[in-house]
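Heads up: the structure comes next, in structure tokens.
The values are calculated or read from the model by the stated rules, or taken from the named source; none is laboratory data. In this text, all values refer to a predicted model and were calculated from it rather than measured experimentally. Counting neighbours? That spans all protein chains shown, and the Cβs are built from the backbone with ideal geometry, glycine included. For the accessible areas, the whole protein counts, side chains as well, though only heavy atoms, and no ligand, DNA or RNA atoms are used. Shrake-Rupley method; radii C 1.70, N 1.55, O 1.52, S 1.80 Å.
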Amino acid sequence: DVKVTQSSRYLVKRTGEKVFLECVQDMDHENMFWYRQDPGLGLRLIYFSYDVKMKEKGDIPEGYSVSREKKERFSLILESASTNQTSMYLCATVGWGNAGQGVLKLYTEAFFGQGTRLTVV
Amino acid sequence: KQEVTQIPAALSVPEGENLVLNCSFTDSAIYNLQWFRQDPGKGLTSLLLIQSSQREQTSGRLNASLDKSSGRSTLYIAASQPGDSATYLCAVRASGSRLTFGEGTQLTVNP
């Protein structure tokens, strides 16, 4: 069974704290993502990684950084938490598949973790 | 920039009804499109993935279609049940591995 596991379901942190959100996948997927989800704004991409030690900024990277030291683990870091970072954080993974019929590779389904509800007070 | 729109934003139907959720996207050069379900306070559960070369995918009571040229996808739910109540999200993969999401349709199926 496919598994994307986020380290916490709920977190409460104080303003100014450094916060680590961890995501671990067991599917050997190359690509991993961090999104945040807010009412009225939908899902917004923070950062993604397409390989170990590789990372790219998404649409809203400010105030965040990431780390991918191993293929199965992708960490999101809030350098100095602020109240406007209170949100639902979602990790996702996508792999490559062999489609056959002359198509070498296709992106497979994206799988998501259960989400981390972060509150910054 | 890819934009994804889902209509309607909310839908309430009686149990047993067949229903259609709509998704449109602005850039037709997509790799694939995926439908998700999200229950309140939870992560996203994958329902169906349609590759750009495909026209439709089916899973149980769910059928998703894709018309790339017109930038549209529909999710058809047959014989709806109260357990289908959730928010349904569509997402397209247009460049690289990143997904762009619509804002979702909140579905309520009344017993």
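No other residue among B:Ala64, B:Ala91 is open to solvent by less than 10 Å² (accessible area, probe 1.4 Å) and within 11 Å of chain A (Cβ to nearest Cβ) apart from B:Ala91. For A:Ser49, the requirement of being polar (S, T, N, Q), under 19 Å from A:Gly113 (Cα atoms), touching a strand residue (DSSP E or B) at 6+ places or on another chain (Cβ under 6 Å) and at the interface with chain B (Cβ under 10 Å from one of its Cβ atoms) is met.
Of the listed requirements (1) at the interface with chain A (Cβ under 9 Å from one of its Cβ atoms); (2) open to solvent by less than 50 Å² (accessible area, probe 1.4 Å), B:Tyr31 misses just one: (2).
Among the residues of segment A:23-46, the one identified as more than 9 Å from chain B (Cβ to nearest Cβ) and free of Cβ contacts under 8 Å to residues at least 24 places away in the same chain is A:Pro39.
Close contacts from segment A:1-22, counting a first residue that is acidic (Asp, Glu) and a second that is open to solvent by 100 Å² or more (accessible area, probe 1.4 Å), with Cβ to Cβ under 7 Å and a gap of 6+ residues or different chains, come to A:Glu22/A:Arg73.
Applying the set (1) modelled with pLDDT under 95; (2) open to solvent by 40 Å² or more (accessible area, probe 1.4 Å); (3) not aliphatic (A, V, I, L, M) to A:Lys18 leaves exactly one unmet item: (1). From B:Tyr88, B:Tyr76, grab the single residue that is outside any loop (DSSP other than H, G, I, E, B), under 27 Å from A:His29 (Cα atoms) and of a type in the set (Phe, Trp, Tyr). None of the others qualify; the one that does is B:Tyr88.
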